[in-house]
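Please see the structure below; I have some questions.
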Amino acid sequence: MAQVGLFFGSNTGKTRKVAKMIKKKFDDEIMDAPLNVNRTEAEAFAAYDYLLIGTPTLGEGELPGLSADCEAESWEEFLPKIEDMDFTGKTVAIFGLGDQVGYPDEFLDGMGELYDFFSERGARCVGAWPIEGYEFNESKAVRNGKFVGLALDLDNQSGQTEERLDVWLKMIAADLKLPA
Ligand SMILES: Cc1cc2nc3c(=O)[nH]c(=O)nc-3n(C[C@H](O)[C@H](O)[C@H](O)COP(=O)(O)O)c2cc1C
């Protein structure tokens, strides 16, 4: 098992694509291959002290899953499986995908839900990201004037994805013990 576990939920594949882009940057001893949470056992997830997790926002500001009309189960169905676990001592970095033009009032809300879930269970969430460079009205992923994790919008700003990823991964490198 590598040091960092990389998990995602995805409906149309964009979050999976970003997870693959991240994994390409690190060796197998550092990071395991990305796993969809709908193919993940709770114990396998909880085995890591360092977690990189990604989610799109679907429905109206929801996590992906059957309620948001996804074709398969996702974070909505996975979180109840780990709701009684204690994440104290673990470090979690979150990346979220959304659409600021189509959903300016619920931009990246799902990332905010993941942040609440893991911080309420003791995890140290790292990787807060500036809100400059985005146009939206409201987001549950903004706390104290920053996004709680990396904000990505592949629908409108796909050209910025690679650069945003590089900057963010450098930013969280020390916290996740990634090679700088
Ligand atoms: C039906 C539907 C609802 C969506 N709702 C939201 C939303 O509430 N907030 C948001 O920021 N993005 C929303 N989006 C945009 C998606 O989060 C975005 O397209 C994302 O990249 C999809 O990722 P995936 O391909 O991994 O599923 C929605 C997209 C669709 C198709």
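Between Leu66, Ala42, Leu79, whose Cα lies farthest towards the positive end of the dipole of the chain when Lys and Arg beta carbons carry +1 and Asp and Glu beta carbons carry -1, centred on the Cα centre?
It is Ala42, whose Cα lies furthest towards the positive end.
Per residue of the chain, what 222 nm ellipticity follows from adding -39500 (n - 2.57) for every DSSP H run with n ≥ 4, rounded to the nearest 500?
On the way: 5 runs with 48 residues, N = 180.
Result for the chain: -7500 deg cm²/dmol, rounded to the nearest 500.
Tell me which trypsin sites (Lys or Arg not before Pro) from segment 79-180 have a DSSP coil assignment and no more than 15 other beta carbons within 10 Å of their own.
Working: sites: Lys81, Lys90, Arg121, Arg124, Lys140, Arg143, Lys146, Arg164, Lys170, Lys177; in loops: Lys90, Arg121, Lys140, Lys177.
Listed in order of number, the matching sites are Lys177.
Which far-off residues, 5 or more places away or on another chain, put their amide H under 5 Å from the one on Leu35, with H placed in the peptide plane?
It is Leu6, Phe7, Phe8, by chain and number.
Now for a different question. If the chain between Ala42 and Leu66 were fully stretched, how many nm would it gain, using 0.36 nm times the residue separation less the Cα-Cα distance?
Values: separation 24, 0.36 × 24 = 8.64 nm, distance 1.88 nm.
Between Ala42 and Leu66, full extension yields an extra 6.8 nm.
Using the alpha-carbon centroid of each, what span in Å lies between segment 146-171 and segment 72-114?
16
I'd like the Karplus ³J(HN,Hα) series for segment 153-160: coefficients 6.51, -1.76, 1.60, θ = phi - 60°, whole numbers in Hz, and an x wherever there's a Gly or Pro.
Running phi through 6.51 cos²θ - 1.76 cosθ + 1.60 with θ = phi - 60° gives 9, 6, 6, 10, 9, 4, x, 9 Hz.
Counting only pairs 8 or more places apart or on different chains, how many lysine pairs in segment 81-180 have C-alpha atoms closer than 22 Å?
Details: Lys81/Lys90; Lys90/Lys146; Lys90/Lys170; Lys90/Lys177; Lys146/Lys170.
For segment 81-180, qualifying lysine pairs total 5.
Would you work out if the chain is rounded, prolate or oblate? Take a ≥ b ≥ c from the square roots of the eigenvalues of the alpha-carbon gyration tensor; rounded if a/c is under 1.5, else prolate when a/b is larger than b/c, oblate otherwise.
Judged from the Cα gyration tensor, the chain comes out rounded (a/c under 1.5).
Over 5 Å intervals from 0, what percent of Cα-Cα pairs in segment 20-79 sits in each interval?
Going out from 0 Å in 5 Å bins, segment 20-79 shows 4, 16, 25, 21, 18, 12, 4, 1 percent.
Within segment 122-180, list the GluC sites (Glu not before Pro) lying in a DSSP loop whose Cβ has at most 15 other Cβ atoms in a 10 Å radius. Walk me through the intermediate numbers first.
On the way: sites: Glu132, Glu135, Glu138, Glu162, Glu163; in loops: Glu132, Glu135, Glu138.
In loop regions of segment 122-180 (DSSP not H, G, I, E or B), the sparsely surrounded GluC sites (Glu not before Pro) are Glu132, Glu135, Glu138.
Could I ask something else about it? Considering only DSSP beta bridges whose two residues both sit in segment 4-172, what percent are antiparallel, to the nearest 5?
Numbers: 5 of 26 bridges.
Of all bridge pairs located within segment 4-172, approximately 20 percent are antiparallel.
Which value, in debye to the nearest 20, gives the size of the charge dipole of segment 4-172 about its Cα centre, when Lys and Arg are +1 and Asp and Glu are -1 at the Cβ?
Details: 17 positive and 32 negative charges, 142 e Å.
Computed about the Cα centre, the dipole is about 680 debye.
Further question: Need one word for segment 72-163: rounded, prolate or oblate. Basis is the Cα gyration tensor (sqrt eigenvalues a ≥ b ≥ c); a/c below 1.5 gives rounded, then a/b vs b/c decides. All intermediate terms of the calculation are to be shown ahead of the outcome.
On the way: a/c = 2.03, a/b = 1.62, b/c = 1.25.
The shape class here is prolate.
Read-outs: derived from the displayed coordinates by stated rules, not from any lab. Computed from a predicted model, the values in this text were never measured in an experiment. Cβ coordinates were reconstructed from backbone atoms using ideal geometry, including for glycine residues, and neighbour counts include every protein chain displayed.
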